[in-house]
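Structure, as structure tokens:
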């Protein structure tokens, strides 16, 4: 009987640790984020990220805070990440996000960076129309 009780406690402990690891990773990525992009052009936006659990994120509620002729309306967004972490919520990894303009069409903003806890930093590249080209650095902070 004692061996069965010890085995059950061990199983419960392992399940709890496994669940804690996943919830900490998504808990640090899912939420509302604020981004500042600086370089040949300056942009800022807010967005919501939701961890889908498969290395991708749903990117919703994208709203540019700066006026830009490159992104007027109907933009679409996709995001990816590869994370590692521990039970204390220390998340690190790679992050990618692509924003494609709706109106005007043909502009693509690509962000590539690293996640470190509640901050993502890296570089961005904008390709598209004549005045919609550029590059620089960005920082995203979880709000």
Strands (runs of 3 or more DSSP E) fully within the stretch 56-143 counting 1 or more residues that are modelled with pLDDT of 90 or more and over 24 Å from residue 40 (Cα atoms): 134-142
Select from the stretch 24-55 the residues that are assigned to a strand (DSSP E or B) and more than 19 Å from residue 123 (Cβ to Cβ) and list them in ascending order. 31, 32, 46, 48, 50, 51
Any idea how many residues of the stretch 116-134 are touching a helix residue (DSSP H, G or I) at 6+ places or on another chain (Cβ under 8 Å) and surrounded by fewer than 14 Cβ atoms within 10 Å (Cβ to Cβ)? 1
Report yes if residue 64 is surrounded by 14 or more Cβ atoms within 10 Å (Cβ to Cβ) and in contact (Cβ under 8 Å) with a residue 24 or more places away in the chain, otherwise no. no
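The values are calculated or read from the model by the stated rules, or taken from the named source; none is laboratory data. Note that the structure is predicted; figures quoted are calculated from it, not measured. Using ideal geometry, Cβ is built from the backbone for each residue, glycine included, and neighbour counts are taken over all protein chains shown.
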